[in-house]
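The structure appears right after this line, and notes come after that.
Here, each number is a calculation from the coordinates, and none is a lab measurement. Predicted, not measured: the structure shown is a model, and the values here were computed from it. Glycine also receives a Cβ, built like all others from the backbone with ideal geometry; neighbour counts cover every protein chain displayed.
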Amino acid sequence: MFLIVAKYLIPKGYRGMAVFPFILVKYDFDKMNSTFVNHEKIHLKQQKEMLILPFFIWYFLEYLVRLIQYRNKDLAYRHISFEREAYANETDLDYLKNRSFFGFLNYITSKQK
């Protein structure tokens, strides 16, 4: 994992993103935010287990489905299974040690966890 400050590569409205094997953050202080970094590490694990490119295809397609479902871009983003897993477990710094393979599948249903 490489943690890089890349202010101009991060889309407007976001503070960071994971693109295997990099975590890109908009602000230098986020490098020290363990919850934020853990959230992005969860995404790196998801990307790795899905062999990277399929992750991004699934992410985009699920976003489109959620956009149709919720008719709101922020709600659609928050309900993507990858994001739901990351948000639900970002404060558990040991989560990745115990995470089951394809753990995001537990978050695929529209019910909040």
Checklist (1) surrounded by fewer than 19 Cβ atoms within 10 Å (Cβ to Cβ); (2) closer than 20 Å to Ile23 by Cα; (3) without any contact (Cβ under 8 Å) to a residue 24 or more places away in the chain; (4) out of contact with any Lys or Arg (no Cβ under 9 Å at 6 or more places or on another chain) applied to Glu83, failing item: (1)
Matching helices (runs of 4 or more DSSP H) fully within the stretch 34-113 where at least 3 residues are among the charged types (D, E, K, R) and at negative phi: 34-49, 73-78, 81-89
